[in-house]
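A.B. asks: Got a structure for you, questions after.
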Amino acid sequence: MAILINKSTRVLIQGITGKSGTQAASELLDYETKLVAGVTPGKGGEEVDTVPVFNSVVEAMEAAGPIDVSMVYVPPLLAKAAALEAISAQIPLVHIFVEKIPVLDVAQILAAAAKKGVRVLGPASVGVISPGEAKIGSIGGPNPSAVFSKGQVGVISKSGGMCSELAMLITTSGFGQSTVVGVGGDLLTGTSFADLLLEFEDDPATKVVVAFGEVGGSSEIEAAKLIKEGKFTKPFIVFLAGKFAESLPKDTALGHAGAIVGLEANMEEKIKALRGAGAIVAENFEDIPALIKKSI
Amino acid sequence: MKLFEFEGHKVLASAGIESPAFIVCETAAQVKAARTKLKFPVVAKVQVLSGGRGKAGGVQVCSREAGLLEFAKEFLGKEFPPRLARSSGEAGHGEKVKYILLAQKASFEAEYYVSITYDTALRKPFLMFSEKGGMEIEEVARQNPEEVIKIYIDPVAGPAKGDFKKFPVSFEFATKLWEAFSKNDCRLLEINPLAKTEGGKFLALDAKVILDDNGLGRHEDFDFIPKGAITAAPSERELAAKKIDEGDYRGSAGSAFLDLAGDIAILASGGGASLLVMDSVAAAGGKPANYTEYSGNPSREKVEKLTRIALSRPRLSGCLVAGAVANFTDIYETLAGFADGLKSVKPKVSYPIVVRRGGPRQEEAYKMLKTLAKREGFDIHLFGPQTPISAAAREMVELSEKYKSKSKSKV
């Protein structure tokens, strides 16, 4: 078991003929993920790495059958149209890899998804991997097995790089991951830490969840609330990054679009909320394996 | 990008929201000329990006020309707020006042607070309102939370008429506000205070606007003054770094660049890992000369440009190139960009360089850097993904301390 994706997940890539779309396609095939179709308007009839390309999502679904996940790999200003196409086709999970989408477009995508009961992951999400089962997005690059291994630890991070970094730390200390999810670092994201904790709660393969938190936003506070309400009962280990920025003026923007000093909750408030709810806050990044050992 | 108040009024005007007549001045001569076009009393306001301007004395009502000139003399060209002016040149928190705004004083019968921004937990835009115009909304929320009213907005349809029945702000005005917010790709639009005149007209007596950087690409008509990451006046390095990503959305390099007061140049990778890198350097007792990050598989050229900018600071004592294990960023290409940048820096770099990376083509990249170090005599220390970022940061700080004491003993 795992969350969001598994061996039987059927995947479509929008923008499959682009440079990163093509690269993602070959990585998915290498990982034996069921990539059944691609879409690029005007390129219907072509093939990318044995995967048939269609002009539209609807056309792809008619020919290739049901789709569980669509991965959006198009330029930022075209992302809204692509995502809305997948949402109106009611593909259950729309993964948006694209970075730098204007926040208004994101809000409109998420509003449409909510109406249709579609889950959006991202934008700016590196993807998801359930080691040994399947992956979506560009997580793990061409060689995911170098870093990711099957196991009992669920992993959540806004940052793609930190997904790999955490997985490597967990793998080299003798543990493995059930599912690793990059939620993306934008101001608004379709799937939050709290949403994923609900999924991990129901996943028997997951015994503990590790998250990489950041300065800005409220995702850690929302997660703490969920734990307090008793909706997530497994051990939750969080590392928070960006302490250096606490002394910078309010509104200073860092690498992630959502990493804004003073936005909604500061570090102290996050730590207090998490600890108050019974979550484990790791002081040092390298402490995480020992904390996992204690929790399992 | 945060805007000056006078720029914010432009954003409001684009949707037909009025402000009292105002003139922006950069010199005392301009103040003199402006005075003849405005009726007294006139409100003089320093134009800075930091908040709490009124409390710090940056807003004054003047009833004579002498008062205006005195105001101009007191603030123009000086650091604001005045009590922070001591540390100019540092990664400063005081701002040099380049503009003052002179506005006709408006008469009104009520003052409100109104803003639109995004709720990141509910993932929706919302309008926030309070009857306590002129007071900071955080303050109102602390004292009387029930006085802060939130109205959520459908990001496709805009404000709903039913939400504004019997509301001090009309539906028509809310619609204009939403238009200004959405058409200009704002992240925050705040009018505090918003005045209601006796005739029932709304006037924006202030304007705080933060634009969504991701939306700037579709507004080539914007002519707002470039801003720095922390200060109103961007440093040359911040400006140059921002330019790298313009016109090429593939991968970012330098979109976030902060000039800081330390002596260790930072080239971090990844939105999340870059925070860990900075925290680790600080925890090891080091002082970063900057914050920046590149990620999303940027081209070799982008990383080369960013390297040149990061290494352009005089008297550096080290350079840390660090990031997490990359998923899809080509480590060889990006580190080749670093090498290109490093080679071009004059005078030749003699301080220690610590590299900690992992991911696609990392081994090939390290081989290339080893050869470069040997051939050109650079002091490069390479660490693979098995070395924690924090350990690499500690190594960097130690090497930089050694380098500093060695250079001192030479002098």
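A.B. asks: Given the options B:A174, B:A29, B:A240, state which has the largest fluctuation in a GNM of chain B using a 10 Å cut-off (strictly under) for Cα springs.
C.D. replies: Between B:A174, B:A29, B:A240, it is B:A29 that shows the largest mean-square fluctuation.
A.B. asks: What is the angle, in °, between the Cα long axis of helix B:331-344 and the longest principal axis of the Cα atoms in chain B? Nearest 10 is fine, range 0 to 90.
C.D. replies: Value to nearest ten degrees: 90.
A.B. asks: Along each of the three principal axes of the Cα atoms of segment B:247-373, give the extent in whole Å, ordering the values from largest to smallest.
C.D. replies: Principal-axis extents of the Cα atoms in segment B:247-373, largest first: 32, 30, 30 Å.
A.B. asks: Using only Cα atoms, find the angle between the long axis of helix B:65-75 and the longest principal axis of chain B, and express it within 0 to 90 degrees, rounded to the nearest 10.
C.D. replies: Between the helix axis and the principal axis of chain B, the angle is about 20 degrees.
A.B. asks: Still on this structure, I have one more. Using r as the Cβ-Cβ distance of A:S247 and B:D163, and R0 as 35 Å, what FRET efficiency do you calculate, to the nearest 0.05?
C.D. replies: Here the calculated transfer efficiency is 0.30.
A.B. asks: When all C-alpha to C-alpha distances in the protein assembly as shown are sorted into bins of 10 Å, what percent of pairs does each bin hold, rounded to whole numbers?
C.D. replies: Per 10 Å bin, starting at 0, the Cα pair percentages come out as 3, 14, 24, 25, 19, 11, 4, 1.
A.B. asks: Quick check on chain B: helices-only [θ] at 222 nm, where DSSP H runs of length 4 and up contribute -39,500 (n - 2.57) each and the sum goes over total residues. Nearest 500, please.
C.D. replies: Numbers: 11 runs with 133 residues, N = 411.
Result for chain B, helices only: -10000 deg cm²/dmol.
A.B. asks: Inside 10 Å of the C-beta atoms of A:253-263, what's the mean count of C-beta atoms belonging to other chains?
C.D. replies: Whole-number average of other-chain Cβ neighbours for A:253-263 is 6.
A.B. asks: I want to check the label-to-label distance for B:K201 and B:F40. Put each point 7 Å from Cα in the C-beta direction and report it in nm to one decimal.
C.D. replies: Label at B:K201, label at B:F40, 2.4 nm between them.
A.B. asks: Another question, if that's okay. A 18 angstrom limit on the alpha carbon distance is what I want to check against. Which of A:K100/B:K176; A:K243/A:K270; B:K124/B:K183; A:K228/A:K270; B:K55/B:K176; A:K115/A:K225 exceed it?
C.D. replies: Listed pairs above 18 Å: A:K100/B:K176; B:K55/B:K176; A:K115/A:K225.
A.B. asks: Tell me, what HN-Hα J-couplings in whole Hz come from the Karplus equation 6.51 cos²θ - 1.76 cosθ + 1.60 at θ = phi - 60° for each residue of segment A:263-269, using x for Gly and Pro?
C.D. replies: 6, 6, 9, 8, 4, 4, 5
A.B. asks: Okay, moving on. Which value, in debye to the nearest 20, describes the size of the charge dipole of the protein assembly as shown about its Cα centre when Lys and Arg Cβ atoms bear +1, Asp and Glu Cβ atoms bear -1, and nothing else is charged?
C.D. replies: Approximately 1840 debye in magnitude.
A.B. asks: Oh, and also: Name the most mobile residue of B:T120, B:T27, B:T175, meaning the one with the largest mean-square fluctuation, in a Gaussian network model of chain B with Cα contacts below 10 Å.
C.D. replies: Highest fluctuation among the options: B:T120.
A.B. asks: Using label points projected 7 Å from each Cα along Cα→Cβ, tell me how many nm separate B:S405 and B:E364, to one decimal.
C.D. replies: In this crude label model, B:S405 to B:E364 measures out at 4.2 nm.
A.B. asks: Still on this model: Under a Cβ-Cβ cut-off of 11 Å, what is the net charge of the residues other than A:D105 that fall near it, where Lys and Arg count +1 and Asp and Glu count -1?
C.D. replies: Neighbourhood net charge equals 0.
A.B. asks: Using a cut-off of 10 Å between beta-carbons, work out the net charge of the residues near B:L258 (Lys and Arg +1, Asp and Glu -1, B:L258 not included).
C.D. replies: Every neighbour counted, the sum reads -1.
A.B. asks: Using a Gaussian network model of chain A whose springs link C-alpha atoms within less than 10 Å, name the residue from A:K270, A:K115, A:K135 with the highest mean-square fluctuation.
C.D. replies: Looking only at A:K270, A:K115, A:K135, the largest GNM fluctuation is found for A:K115.
A.B. asks: Of the options A:F285, A:S218, A:F193, report the single residue whose Cα projects farthest towards the positive end of the charge dipole of segment A:174-296 (beta-carbon charges: Lys, Arg +1; Asp, Glu -1).
C.D. replies: Going by the Cα projections, it comes out as A:F285.
A.B. asks: Could you compute the net charge surrounding A:A89? Neighbours are other residues with a C-beta less than 11 Å from the C-beta of A:A89; K and R count +1, D and E count -1.
C.D. replies: Value of the local net charge: -2.
A.B. asks: Calculate the length of the line joining the C-alpha centroid of segment B:1-79 to that of segment A:1-60, in whole Å.
C.D. replies: 56
A.B. asks: Another question about this same structure. Can you tell me the FRET efficiency between B:E236 and A:K234 if r is taken as the Cβ-Cβ distance and R0 is 35 Å, rounded to the nearest 0.05?
C.D. replies: 0.10
A.B. asks: Where the centre of each part is set by its Cα atoms, how far does segment A:231-296 sit from segment B:339-411, in angstrom?
C.D. replies: Spelled out, the Cα-based centre of one part sits 30 Å from the other.
A.B. asks: Could you list log10 I(q)/I(0) for chain A at q = 0.10, 0.14, 0.15 Å⁻¹, which the Debye formula gives when each Cα is one point scatterer?
C.D. replies: Ignoring solvent entirely, the Cα scatterers give -0.51, -0.99, -1.12.
A.B. asks: If R₀ is 25 angstrom, what is the calculated FRET efficiency for the pair A:A63 and A:N6, using the beta carbon separation as r and rounding to 0.05?
C.D. replies: That pair, A:A63 with A:N6, gives E of 0.60.
A.B. asks: Using the alpha-carbon atoms, what tilt in degrees (0 to 90, nearest 10) does helix A:160-172 show relative to the longest principal axis of chain A?
C.D. replies: Computed tilt is about 70 degrees.
A.B. asks: Pairs to check: A:K158/A:K231; A:K135/A:K231; A:K43/B:K2. Give those whose C-alpha atoms are more than 30 Å from each other in this structure.
C.D. replies: A:K43/B:K2
A.B. asks: So what does the Cα-only Debye profile of segment B:21-104 read at q = 0.21, 0.24 Å⁻¹, as log10 I(q)/I(0), no solvent term?
C.D. replies: Relative scattering, expressed as log10 I(q)/I(0), comes to -0.89, -1.11.
A.B. asks: What is the distance, in nm, between label points placed 7 Å from the Cα along the Cα-to-Cβ direction at A:N143 and at B:R375?
C.D. replies: 2.4
A.B. asks: Over all residues in A:143-149, what is the mean tally of Cβ atoms on other chains that come within 10 Å of each residue's Cβ?
C.D. replies: 2
A.B. asks: While we're looking at this one, here's another question. Based solely on its DSSP helices, what 222 nm [θ] is calculated for chain A when runs of n ≥ 4 H residues each add -39,500 (n - 2.57) and the sum is averaged over all residues, nearest 500 deg cm²/dmol?
C.D. replies: -9500 deg cm²/dmol
A.B. asks: Of A:P235, A:L104, B:L216, which is farthest on the positive side of the dipole of the protein assembly as shown, counting Cα position, with +1 on Lys and Arg Cβ, -1 on Asp and Glu Cβ, and the Cα centre as origin?
C.D. replies: My answer, from the dipole projection, is B:L216.
A.B. asks: OK, next. Let me confirm one metric for peptide B:325-334, namely the mean number of other chain beta-carbon atoms within 10 Å of its residues' beta-carbons.
C.D. replies: So the per-residue partner count for this stretch is 6.
A.B. asks: Peptides B:7-20, A:71-84: what's the order by average Cβ count within 10 Å, highest mean first?
C.D. replies: The packing order, highest mean first, is A:71-84, B:7-20.
A.B. asks: If each residue of separation counts as 0.36 nm, what is the full-extension length gain between B:R313 and B:E398 once their alpha-carbon separation is subtracted?
C.D. replies: 28.6 nm
A.B. asks: On to the next question. Can you list the lysines whose alpha carbon is less than 27 Å from that of B:K408, not counting same-chain residues fewer than 8 positions off?
C.D. replies: Excluding near neighbours in sequence, the set is B:K287, B:K343, B:K346, B:K348, B:K374.
A.B. asks: If the cut-off is a Cα-Cα distance under 14 Å, which aspartates and glutamates reach B:K73, setting aside same-chain residues fewer than 8 apart in sequence?
C.D. replies: B:E26, B:E65
No lab work stands behind these numbers, since they all come straight from the coordinates. None of these values were measured; they are calculated from a predicted model. Neighbour counts are summed over all protein chains in view; Cβ atoms, including those assigned to glycine, are modelled from backbone coordinates with ideal geometry.
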